[in-house]
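K.L.:
Can you read through this structure? Questions will come right after.
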Amino acid sequence: MPCTNGLQKHLKLKELNKLKNKINFMYKLSSLIMICAFAFTAQAQENAGLKLPAGFSATLFADQIGSARHIAINDKGVLYAKLNYPNKAGQAIVRMEDANGDGVAEKLSGWGNYGGTGIYVKGNQLYASSDDAVYLYQLDAKGDVVNPTSPKTIIKNLHSRRQHASKSITLDPKGNIYVNIGAYSNACQEKDRTVGSKGMMPCPILDSAGGIWQFDGAKENQSYAEGKRYATGLRNVIGLDWNNTTNSLFVTQHGRDQLNTFYPTMYTDAQNAELPSETMYEVKEGDDCGWPYVYYDPFQKKKILSPEYGGDGKLEGGKNALDPLVAFPAHMAPMSLLFYKGNQFPAKYKEGAFIAFHGSWNRAPLPQEGYFVAFVPFKNGKPSGEWEIFANGFAGEEKNKGPRQAKARPCGLAEGPDGSLYVSDDSKGAIFKISFNK
């Protein structure tokens, strides 16, 4: 019996030692996991959660400022954001300044009580748009607004009918202002977004929408009569920028929707997920990009006659309409276009185009895509290579399900005086600053 008792004690002690060793191992493993997780979190915070090319880093310049659409920056580095809706403080234009140079704005203020998208800074003048007008503010030497409650009304009474209502703006070196007036329609049907409804011919919407209008940037109280339709056949352009190299206007268009819904015998769900392309054009006065009569098919690499106008998915159309310079995947919603003029980034980026994609909601059965900033290399004013993803990770999860699950949705772009790139998010109200580490 004593031997038996001794053996039992020995076995219990052995099991206890095993258990002790296992506990020590699990403790060390959990500690290692915690250290790795902390390191990953620190790295994510260091780059604001973004995935960038080697040599680039990012900071969260500002956060929770409101639905930040387009952004602009002055020559002193003061950043301005136009909000789609006034924020909790009742401000629809937010001024941000990084006074201590740490990559984060610590001085924030704001003014204006109207929602909208467009904003542009030229010297000591700041232009901002609502969904039916464009206003002009004066800035002082510090970049503070002089007349927050009494701006000049430059343009008024533009069409705003909820669908594609935002008014994006840019200026050329002569002071002309260019305004997108989106089509309040998907494909100019007699009954919009209705199965079997034919397209109107000619499309009456194009007389006052579905294109770019040009106005005098200094003249007050202009409307359609004082402006000119500069380019037409553009369903909705939220991204536009003047290219100083070519001395011309470039735009990115949101393509049409619901080919499969309205014409299920011609288009499958899978085809609709990738048709039509989101497109970039160089437009000059009088140009026609073809909406609503045609769309661009990236697989057939040609303009296809819209089914509302007798197309069958293969028949070409738009002989006199512009071909796009670049065709992007469908439904990803290009929100802003910026030609990079700085010297901070490597030489490949000089004079190239950055495009912020808002992200898709209608690419099923394929995964939703977008939620990134793309780059198109340019040489001598023309695209010189394939487009690529420059900054990703805004949405958070790799397999993002759609806009409501996205942590951030890229919208506006601006280039700082030091050559850094700023990206706005109109979902949670973040501003990201992307820099190259020389």
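K.L.:
In the list Q163, Q189, which residue meets the criterion of being surrounded by 15 or more Cβ atoms within 10 Å (Cβ to Cβ) and of a type in the set (S, T, N, Q)?
P.N.:
One residue alone meets the criteria, Q189.
K.L.:
If you don't mind, another one. Going by what's in this entry, would Q258 be described as open to solvent by 40 Å² or more (accessible area, probe 1.4 Å), within 26 Å of the chain's Cα centre (by Cα) and under 15 Å from E308 (Cα atoms)?
P.N.:
Judged against the criteria, Q258 is a match.
K.L.:
Okay, moving on. For region 91-120, enumerate the residues that are open to solvent by 10 Å² or more (accessible area, probe 1.4 Å) and over 17 Å from N147 (Cα atoms).
P.N.:
Correct list: E97, D98, A99, N100, G101, D102, V104, A105, E106, K107, L108, G115.
K.L.:
What tally of residues in region 232-276 results from selecting those that are within 16 Å of L171 (Cβ to Cβ) and part of a strand (DSSP E or B)?
P.N.:
Looking only at that region, the number is 10.
K.L.:
Suppose the filter is in contact with an Asp or Glu (Cβ under 8 Å, 6 or more places away or on another chain) and either in contact (Cβ under 8 Å) with a residue 12 or more places away in the chain or of a type in the set (D, E) (or both); does E226 pass it?
P.N.:
It is true that E226 is in contact with an Asp or Glu (Cβ under 8 Å, 6 or more places away or on another chain) and either in contact (Cβ under 8 Å) with a residue 12 or more places away in the chain or of a type in the set (D, E) (or both).
K.L.:
Further question on the same structure: For region 216-255, enumerate the residues that are farther than 17 Å from N157 by Cβ and surrounded by fewer than 16 Cβ atoms within 10 Å (Cβ to Cβ).
P.N.:
Matches in region 216-255: A218, N244, T245, N247, S248.
K.L.:
Out of the residues in region 210-234 meeting the condition of being more than 27 Å from the chain's Cα centre (by Cα) and not small (G, A, S), tell me which one is farthest from R162 (Cα to Cα).
P.N.:
K219
K.L.:
Criterion first (in a loop (DSSP other than H, G, I, E, B), modelled with pLDDT of 95 or more and within 21 Å of the chain's Cα centre (by Cα)) does A330 satisfy it?
P.N.:
On the way: in a loop (DSSP other than H, G, I, E, B): yes; modelled with pLDDT of 95 or more: yes; within 21 Å of the chain's Cα centre (by Cα): yes.
Yes: the conditions hold for A330.
K.L.:
Now, a different point. Would it be correct to say that K82 is surrounded by fewer than 19 Cβ atoms within 10 Å (Cβ to Cβ), of a type in the set (D, E, K, R) and under 17 Å from the mean Cα position of the chain (by Cα)?
P.N.:
Criteria not met by K82.
K.L.:
Being more than 15 Å from the chain's Cα centre (by Cα), open to solvent by less than 70 Å² (accessible area, probe 1.4 Å) and touching a residue at least 12 places away in the same chain (Cβ under 8 Å) is the filter here, so list the residues in region 369-386 that pass it.
P.N.:
Hits for region 369-386 are P377, F378, G381, P383.
The values are calculated or read from the model by the stated rules, or taken from the named source; none is laboratory data. Treat the numbers as computed from the prediction; the structure is a model and nothing was measured. Please note: Cβ atoms are built from the backbone with ideal geometry, for glycine as well, and neighbour counts cover all protein chains shown. Ligands, DNA and RNA are stripped out before the accessible areas are found, and what is left, the full protein with its side chains, is counted by its heavy atoms. Shrake-Rupley method; radii C 1.70, N 1.55, O 1.52, S 1.80 Å.
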